[in-house]
Amino acid sequence: MRTMPLRTAAVALITTCALSSSAWAQVNPDPAPAPPPPEPAEQAQPQPEPTPSPGPTPVDVPTPAQGEPDKVTSEPEVTGGRPGAPGDKRRPGAAWVRWRGSALNWSHDVTTTAVGIGRDNIGSENEVYSQGFGGTLNFFVIDEKDFRLRMTTALGFDVELTDSGSTTTRNEPRFRDVPLTIATGGLTLAHSDNDEWAFGFIPNFTTIFPTSPISQDQGVYLTVSPRLLTFLAAPILGNEAAHLKGIFAGVSVRYDRTFSRANVPTNPALERPRTDPSGNVFFSDQISGNRLGENMVRVGGFVFLEEKFGPSTLWLFAGPSWTVSFLPEFSDADCVETATGCVDVGNDPNAPNTRITTGFGGGVSFFPSAEFGFGLNYSNNALQLGEDGQRRDIFYSPDATFNAELIVSVDAIYERIVGDPRKDPVIIFGKNAPAPNPTPGTQQLPPAMATF
């Protein structure tokens, strides 16, 4: 099967999440970045108390993509190990180490209101600026021309530099949840003879371990998240053009099942004194009365464009997302003892049983070389209903964030040191970020990249 340049790049980016990244047969031999809709992105659980959070960051994990932008070539490529090894058929300049896609990143996230864009807040409690440090580890367990299977994880932490309402010490590091992703390369169902058109899908199964303070405060044990992305590669000016060769687009769906101690946030380490209806004091580990969505479905769409300028690579991506969390019902309580007698408390039949979040994200990543790059992103991810009870615009809310980041491709540096450098970046996009409306000091992927 011949490979298409744009398709390759996109598939990788898509496969991420991207830690989450975010990050997550072969559309082409070596996948490359494609924006997963967009997560890290990330923990799969709406937070008990919606508050703005600093935002986007594709690379990190990932939730979420793997790959390497393919070159303008119709020759299939095989990564048969180090160049020069017997049977090595890989395309000159292609990445060859099995752990390609492993990278370090340093990100800065700030809410738009903190830089004077949007509404004027009374006070600064909802204005957040944070820095994040993370690393994505990727390894191709199966690395054949016709089929690839990778395992990806991401580690990282964030430090809020503004006045945090969720930490006990100044500039306290807050670790992110740790995802473990098993994903294939792009599985192509149909393509044109010249590979300018292609249609396929990428399956992904991610397990999220609750290592962040947010998840631990919710009593989360584990989250399992099967994901499926369908993609379409289509030409703009065609493979022979110098620029605007083609576009990569897709729709992704993910389902998150969260296993937790209770259907409301609990933490046994915090035994808080409370008063029952009879006036008696008792101790409880319940943090709030907000219900946790044990089941969540997220749908996202994205478009991705890659441009080459000599040895440099430019990626542009954007897309919307829609998330629904299904909330558990509280059981009826029979005979609650009060000072005036026994009272039966029933579940409210009019209480909502879903929580809907919408968003939009986009960004640009520029790689002067395969070894490092820079990213600028915008992300809006918030509850569908605003504080005034009206539906919000998906493009902006007071929770919207800007993000800037530095990406260092450790595997590309290694290949250059041993003497056979790659020509194009291989990045696993994504980051395991909290679901919409996390607490201050935590980051989230642009919606367009968080879904996969």
Could you please find all residues in region 309-343 being closer than 30 Å to Ile427 by Cα, hydrophobic (A, V, I, L, M, F, W, C) and loosely packed, with under 12 Cβ neighbours inside 10 Å? Phe309
Applying the selection to region 256-281, what residues are of a type in the set (Asp, Glu) and not in a loop (DSSP other than H, G, I, E, B)? Asp256
Answer with yes or no whether Val324 is aliphatic (A, V, I, L, M), modelled with pLDDT of 90 or more and under 30 Å from Ala103 (Cβ atoms). no
Only one of (1) part of a loop (DSSP other than H, G, I, E, B); (2) basic (Lys, Arg); (3) exposed (fewer than 12 other Cβ atoms within 10 Å of the Cβ) fails for Arg291. Which number is that? (3)
Could you please find all residues in region 220-261 being out of contact with any strand residue (DSSP E or B) (no Cβ under 6 Å at 6 or more places or on another chain) and closer than 17 Å to Phe209 by Cα? Arg261
Please give the number of the condition Phe201 fails out of (1) closer than 19 Å to Asp109 by Cβ; (2) more than 16 Å from the chain's Cα centre (by Cα). (1)
Can we say Phe282 is within 22 Å of Val343 (Cα to Cα) and either exposed (fewer than 15 other Cβ atoms within 10 Å of the Cβ) or of a type in the set (Asp, Glu) (or both)? yes
On the basis of being over 23 Å from the mean Cα position of the chain (by Cα), farther than 30 Å from Ile287 by Cα, modelled with pLDDT under 85 and surrounded by 15 or more Cβ atoms within 10 Å (Cβ to Cβ), does Thr73 make the cut? yes
Ala370 being buried (at least 19 other Cβ atoms within 10 Å of the Cβ), in contact with a helix residue (DSSP H, G or I) (Cβ under 6 Å, 6 or more places away or on another chain) and under 22 Å from Leu104 (Cβ atoms): yes
Can you find a residue in region 109-126 that is out of contact with any His (no Cβ under 9 Å at 6 or more places or on another chain), in a strand (DSSP E or B), at pLDDT 85 or above and more than 28 Å from Glu387 (Cα to Cα)? no
Taking the residues in region 401-433 that are modelled with pLDDT of 90 or more and of a type in the set (S, T, N, Q) as candidates, determine which candidate is nearest to Gly101 (Cα to Cα). Ser409
Taking strands (runs of 3 or more DSSP E) that fall entirely within region 312-388, which contain at least 1 residues that are in contact with a Lys or Arg (Cβ under 9 Å, 6 or more places away or on another chain)? 312-326, 354-369, 372-383
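The values are calculated or read from the model by the stated rules, or taken from the named source; none is laboratory data. A quick note: this is a predicted structure, and the numbers were derived from the prediction, not measured. Neighbour counts run over all protein chains shown; Cβ positions are idealised from the backbone, glycine included.
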